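This report refers to the structure that appears directly beneath it.
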Amino acid sequence: MVYYIFRRMLMMIPTLVITSALIFAIIEAPPGDYLESYIAELKAQGEAVDTARIEYLRKEYGFDKSPVERYFNWVGGMFVGDFGYSFAYELPVTAVVGDRLFLTVVVSMATIIFTWLIAFPIGIYSATRQYSWGDYGFTFLGLLGLAIPNFLLALVLMYLANVWFGTSIGGLVDPAFVGQPMSWAKFVSVLHHLWIPVIVIGTAGTAGMIRRIRANLLDELQKQYVTTARAKGLHPFKALVKYPLRMSLNFFISDIGSLLPAVISGAEVVAIVLSLETTGPLLISALQQQDMYLAGSFLMFLSLLTVVGVLISDIALAWLDPRIRLSGGVRK
């Protein structure tokens, strides 16, 4: 196991290097840069363009250098904690992302817990009571959750929350706490607004997880070892939890690779509709404005979380399912 983990960690290095090169190349691919977009925006607003200042900014931000030099400067800065400078916000990347990271983690973790608490009991119930009225009812609700677009559900819940509960529309805090440091009153305001994005973002994920838990558990319940356990008089709950449920969780463990970056990125479209100050809209804005160091550093962080999540899921799968081995080859 130790050798396997060491070997996988060594493989992460070239993976992240290639990923960083691809990210930088894709961000550089569109014509122009942030300053050219800034000049076009000033001209569209009818404002004068200070040529001397633009040239100063071009040298200050390194746009006078070749793309290869900018790439190595960017990658080299990451090793010392310098992820570059955000042109749009005129702040270091770490300062821009750090302001939104806490709220993003709160929303994402609450959504994940909501999804698990709802999906697991329903999925187990539907699998163990196949074709019952409860199974049909939960299946209908699951398909309904998959069919309704998240942004439409967000608009409906925003209206209902404002009319029925008096909750301010949009954002994660009351207007009085916007821009204020975290306090107990602000944290209570976050909890007061949190249920809307949690329900909206978690609906589709819950519905999909219910269907997967049901399908995987049904497949395991039909295997011979379950029939043998029942024939020997094993308690139904123990016969369900000890092996079939454990084996049906392989897909759940495999999703850790995508779960970790999802905690940070969040649901971008829903966050825009709900005016959430999370990192998802920040990434979209950075890509639109060609704020290359902000967008590139954010994507690199998501890539790192992805490879770490895949490693964690592989180790957890080997521990969960004895049929999975850490190395290839034919077992004799």
Open item on the list: So, in the range 43-72, how many residues would count as being open to solvent by 90 Å² or more (accessible area, probe 1.4 Å) and touching a Gly at 6+ places or on another chain (Cβ under 6 Å)?
Closed with: 0
Task: Those residues of the range 160-172 which are at pLDDT 70 or above, in a loop (DSSP other than H, G, I, E, B) and more than 17 Å from GLY98 (Cβ to Cβ), in sequence order - done: none
Task: Matching residues in the range 53-82 - criterion: being among the aromatic types (Phe, Trp, Tyr) and at pLDDT 80 or above - done: TYR71, PHE72, TRP74, PHE79
Open item on the list: Checking ALA88 against (1) open to solvent by less than 30 Å² (accessible area, probe 1.4 Å); (2) at pLDDT below 80; (3) among the small types (Gly, Ala, Ser), only one condition comes out false. Which one?
Closed with: (1)
TODO: Go through the residues of the range 306-323 one by one and say whether even a single one is surrounded by fewer than 20 Cβ atoms within 10 Å (Cβ to Cβ), at pLDDT below 75, of a type outside the set (S, T, N, Q) and in contact with a Pro (Cβ under 9 Å, 6 or more places away or on another chain).
DONE: no
Task: helices (runs of 4 or more DSSP H) wholly inside the range 1-102 that include at least 3 residues being farther than 18 Å from GLY296 by Cβ and either of a type outside the set (Asp, Glu) or under 23 Å from the mean Cα position of the chain (by Cα) (or both) - done: 2-28, 34-44, 51-60
- [ ] From LEU141, LEU157, LEU153, grab the single residue that is under 28 Å from the mean Cα position of the chain (by Cα) and open to solvent by 60 Å² or more (accessible area, probe 1.4 Å).
- [x] LEU141
Task: Residue count, the range 103-115 (criterion: crowded, with 16+ Cβ neighbours inside 10 Å and either within 20 Å of ILE213 (Cβ to Cβ) or more than 24 Å from the chain's Cα centre (by Cα) (or both)) - done: 4
Open item on the list: So, restricting to helices (runs of 4 or more DSSP H) that lie completely within the range 189-294, which ones have at least 2 residues that are over 30 Å from ARG70 (Cα atoms)?
Closed with: 224-231, 236-240, 250-254, 256-265, 268-273
TODO: Find the residue count for the range 116-130, including only residues that are open to solvent by 90 Å² or more (accessible area, probe 1.4 Å) and either within 28 Å of the chain's Cα centre (by Cα) or modelled with pLDDT under 85 (or both).
DONE: 2
TODO: Quickly run through the range 190-247 and pick out the residues that are of a type in the set (A, V, I, L, M, F, W, C), over 30 Å from VAL273 (Cβ atoms) and open to solvent by 70 Å² or more (accessible area, probe 1.4 Å).
DONE: ALA231, PHE237
- [ ] Can you tell me which residue within the range 1-37, out of those that are over 30 Å from VAL308 (Cα atoms) and free of Cβ contacts under 8 Å to residues at least 40 places away in the same chain, is surrounded by the most Cβ atoms within 10 Å (Cβ to Cβ)?
- [x] GLU36
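The values are calculated or read from the model by the stated rules, or taken from the named source; none is laboratory data. Being a predicted model, the structure only gives us computed values, none of them experimental. Positions of Cβ are backbone-derived with ideal geometry, glycine not excepted, and every protein chain shown enters the neighbour counts. For the accessible areas, the whole protein counts, side chains as well, though only heavy atoms, and no ligand, DNA or RNA atoms are used. Shrake-Rupley method; radii C 1.70, N 1.55, O 1.52, S 1.80 Å.
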